[in-house]
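Trainee: The structure follows.
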C-alpha cells in the first residue's frame, strides 16, 4: 500500500507542476490550431480504406473552409460484422492513416487522431485485470460496435495509469509513422465509462489513508448514493477525483507530449474536479449541445487558469435530439439528418463562442466517395460532399468562413475577466442524481457532478465571471488590489455554495485577510464525514471582515458591460483594445434538443448597454438583425460595433 500511495503522491506533485507552471500565450508558430478554421471529426467506417478517396475528401474539405480533421475509427456501416477490414493498429490499417497525414500536411491541413476505436478507450485481448470494473463486478466494459467488430473489446481501467501506458504502447506503435510531420492532436472523448460504484485495486486502502474510515461496507451494501450518506459520497468522490486525474488525464497528456503530439480532451462527464482536470490537457474541449452552452464557461475557465489558448468544442452533436445506433437495424438517423438548418447551427456556435469557445470541431464528416453519402454516422449534424445534403457546397463554405472569422477575434490577446466565482464542486459531489425527467431524456448521463447546467450568478454577468476552485486558490496571492495567479488575475471573488471543503475555506480566509473583496452570498457548510471543529469559526471570521459581505455591492468597480436583459458575451483583451463577441439574445434559449428551425423565429431586437472601459463609460445601442450576433471593439477612443456580415439562408426542409 505504501508504494501505491507514494505513486499517488508523486502524480499529485506532477499535476500541481503542470497546472501552476504553464506559460502565458506567446506568438509562437507552435500555436495549436493556428489557422482558427473549423476542423471536423472524420468517421472512418471499418473497411479497407481507399487512398484515392482519402485524398479527394481532404481536398474537398480544404476547398470548403476546413482547417483539418480528426480521424475516428468506428464500426462497419450498418453494423455489418462480415465487412472485411484490416485489424486495428495493424500495418495494413496504418498505411492509409499515414497517407492521410501526409496528404493533410501537403494541403496545410491539421490531422488529429481519436486515440482508439470509438470511445472510451478499449482494446482486443485486454489482459485480465486491465479492464474497467465496479466494486462488485469485474466483467463490465465490453464494447462490440467498434472497428474490430465482430470481435468484442473491453474498456481499459481508467483508474490505473499502468493499464493506460500498456494501452498507449500499442496505440503509439500503430500510429508511430503518422506522428511524423505536422504536430497532431491525440483526442479522448467525453467520459463514457460506467461510474456506478467504480473501483480499482488499492482504492480502499487509499480511501482509508485519506479519510480514516472504511468505504467498503457502503460499496458492498450499495448504499453510497443514499441521501443520508451524502458525506460519505463526498469523500468517495474526492478520492475518486484524484484517481481520475492522476491515473488517466495526467498520463494521457504526458504520453501525447512524449510522442511529439499534443493532447485534446473532453473531461465532461468524468467523476473528477473538472476545472483541474481540464487544465491538465493541452486543448480542453467542450461539447454542444448534449452539454448546455454554459458548460463551455467551465472549460474556458480551466483554459484561462492553466494558460491554454485554444478552447475547442465538439459542435452540433444531436442538435435536434438523439436516435440510437440500432434504430432501423443499424441505419440510425437522428432527427432531421441531412436537412439541418445552418441558421440553427449558427445559434449553437454563437452560444458557445459567447461562453469562451474559440475553436470549432464539426461532428462531423463521414468517409465517402466525394459526391456521395452512402455512409453516415447516426447522429446529426454532418457536413457532406453530397449536394443533396444541406451541409454541403457553398453554404458549408460560407458558414465555415464565418466561424473562422469569429475564432480569429476570440483568439486575440487574452481572456478578459474581472471576478472569480467559486465552483460548487462540493455541492455536485454530494447531490446525487439529476431529476428523473432529465435522466429520461438523456439516459447516458451520470450525477450532478457533471455540472451540465451550471451557470455563474446573473448579477455578475457583465463582469465576465470565470470559475475557480480550491486547487487554484491555493496558488493565488492578493496584492495591489489584484488576485494574482500564474496565468490570469481577478479583482474579486464570489462564493455562492452550500458546501465548501475546509482547505478551500482556509485559502479564502487567507486571501480575504490580505484584502481580497469577497461576496459570500451564504454561509457554507463542511462536507465529508470528518468535520473540523474550527470550521464555523472560520466562516464567522470571514463575515467579520469589512471586505466580505453577502451583498454584491461589496465587489468594487463597475462591470465591463451593464444593461437590462444583457445578452451572453465573451471578451478578449489585446493590449489596450478589447473585443467582445455579443451573441444574439435568442442564443440564450439554445438547449437540447433544439427546435427545428428555431433560428427563423428571431425577428431581430435591440439592447442598450453601457460599456465601462479605459476610465470612461459609453452608451451603445446594439441592433441585432434576425440571427445576427455582434462584435464590440473597445478602445480608449470609444466603442465600435462590428457586424460579422453573415446571415444563413433558409434551406430545404422548411
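The values are calculated or read from the model by the stated rules, or taken from the named source; none is laboratory data. Just so it is clear, the structure is predicted and the values come from calculations on it, not from any experiment. Cβ: placed from backbone, ideal geometry, glycine included. Neighbour counts: every protein chain shown.
Trainee: Having 1 or more residues that are under 30 Å from residue 34 (Cβ atoms), modelled with pLDDT of 95 or more and not assigned by TED's automatic domain parsing to the domain that holds residue 110 is the bar; report the helices (runs of 4 or more DSSP H) wholly within region 182-300 that clear it.
Mentor: 274-280
Trainee: Another one. Of the residues 578, 542, only one is assigned by TED's automatic domain parsing to the domain that holds residue 453 and either part of a strand (DSSP E or B) or touching a strand residue (DSSP E or B) at 6+ places or on another chain (Cβ under 8 Å) (or both); which?
Mentor: Going through 578, 542 in turn, the sole match is 542.
Trainee: Same structure again: Need pairs with beta-carbon distance below 8 Å; first residue over 14 Å from residue 253 (Cα atoms) and within region 149-171, second modelled with pLDDT of 95 or more and surrounded by fewer than 15 Cβ atoms within 10 Å (Cβ to Cβ); sequence gap 6+ or separate chains.
Mentor: Close Cβ pairs satisfying both conditions: 160/201.
Trainee: A further question on this structure: State which residue pairs qualify: first residue assigned by TED's automatic domain parsing to the domain that holds residue 537 and inside region 499-525, second residue assigned to a helix (DSSP H, G or I) and modelled with pLDDT under 95 in any location, beta carbons under 7 Å apart, and separation of 6 or more residues or different chains.
Mentor: Close Cβ pairs (under 7 Å, with a partner that is assigned to a helix (DSSP H, G or I) and modelled with pLDDT under 95) amount to 499/430.
Trainee: Scan region 333-366 for residues that are in a loop (DSSP other than H, G, I, E, B), farther than 14 Å from residue 389 by Cα and in contact with a helix residue (DSSP H, G or I) (Cβ under 7 Å, 6 or more places away or on another chain) and jot them down.
Mentor: 354, 355, 356, 357, 358
Trainee: How many residues are in contact with a helix residue (DSSP H, G or I) (Cβ under 8 Å, 6 or more places away or on another chain) and at pLDDT below 95 if we restrict to region 84-120?
Mentor: Final tally of qualifying residues: 0.
Trainee: Against the condition modelled with pLDDT of 95 or more, surrounded by fewer than 17 Cβ atoms within 10 Å (Cβ to Cβ) and part of a loop (DSSP other than H, G, I, E, B), how does residue 608 come out, does it pass?
Mentor: The answer is no for residue 608.
Trainee: Residues that are closer than 26 Å to residue 226 by Cα: list the helices (runs of 4 or more DSSP H) wholly contained in region 417-512 that include at least 1 such residues.
Mentor: The helices (runs of 4 or more DSSP H) meeting that bar are 425-430, 436-441.
Trainee: Go through region 150-174 and report how many residues are surrounded by 19 or more Cβ atoms within 10 Å (Cβ to Cβ) and touching a helix residue (DSSP H, G or I) at 6+ places or on another chain (Cβ under 7 Å).
Mentor: 8
Trainee: Consider residue 447 carefully, then state whether it is within 22 Å of residue 525 (Cβ to Cβ), surrounded by 15 or more Cβ atoms within 10 Å (Cβ to Cβ), out of contact with any helix residue (DSSP H, G or I) (no Cβ under 7 Å at 6 or more places or on another chain) and not assigned by TED's automatic domain parsing to the domain that holds residue 592.
Mentor: yes
Trainee: What do you reckon, is residue 579 touching a residue at least 40 places away in the same chain (Cβ under 8 Å) and touching a helix residue (DSSP H, G or I) at 6+ places or on another chain (Cβ under 6 Å)?
Mentor: Yes.
Trainee: Could you tell me whether residue 388 is out of contact with any helix residue (DSSP H, G or I) (no Cβ under 8 Å at 6 or more places or on another chain), in a helix (DSSP H, G or I) and either in contact (Cβ under 8 Å) with a residue 12 or more places away in the chain or not assigned by TED's automatic domain parsing to the domain that holds residue 145 (or both)?
Mentor: no
Trainee: Here is a further query. When the residues of region 625-644 are filtered to those that are part of a loop (DSSP other than H, G, I, E, B) and without any contact (Cβ under 8 Å) to a residue 40 or more places away in the chain, which remaining residue is farthest from the chain's Cα centre (by Cα)?
Mentor: 637
Trainee: Another question about this same structure. Restricting attention to region 33-81, report how many residues are in contact with a helix residue (DSSP H, G or I) (Cβ under 6 Å, 6 or more places away or on another chain), crowded, with 18+ Cβ neighbours inside 10 Å and over 22 Å from residue 391 (Cα atoms).
Mentor: 1
Trainee: Does residue 602 fit the bill of being modelled with pLDDT of 95 or more and closer than 30 Å to residue 506 by Cα?
Mentor: no
Trainee: Can you work out which of the residues in region 383-427 that are in contact with a strand residue (DSSP E or B) (Cβ under 8 Å, 6 or more places away or on another chain) and within 14 Å of residue 64 (Cα to Cα) is surrounded by the fewest Cβ atoms within 10 Å (Cβ to Cβ)?
Mentor: Step by step, filter region 383-427, then rank; the result is 392.
Trainee: Restricting attention to region 310-332, does a residue exist that is under 18 Å from residue 62 (Cβ atoms), over 23 Å from the mean Cα position of the chain (by Cα) and part of a loop (DSSP other than H, G, I, E, B)?
Mentor: No, because not a single residue in region 310-332 is under 18 Å from residue 62 (Cβ atoms), over 23 Å from the mean Cα position of the chain (by Cα) and part of a loop (DSSP other than H, G, I, E, B).
Trainee: Could we say that residue 592 is modelled with pLDDT under 95 and in a loop (DSSP other than H, G, I, E, B) here?
Mentor: Yes.
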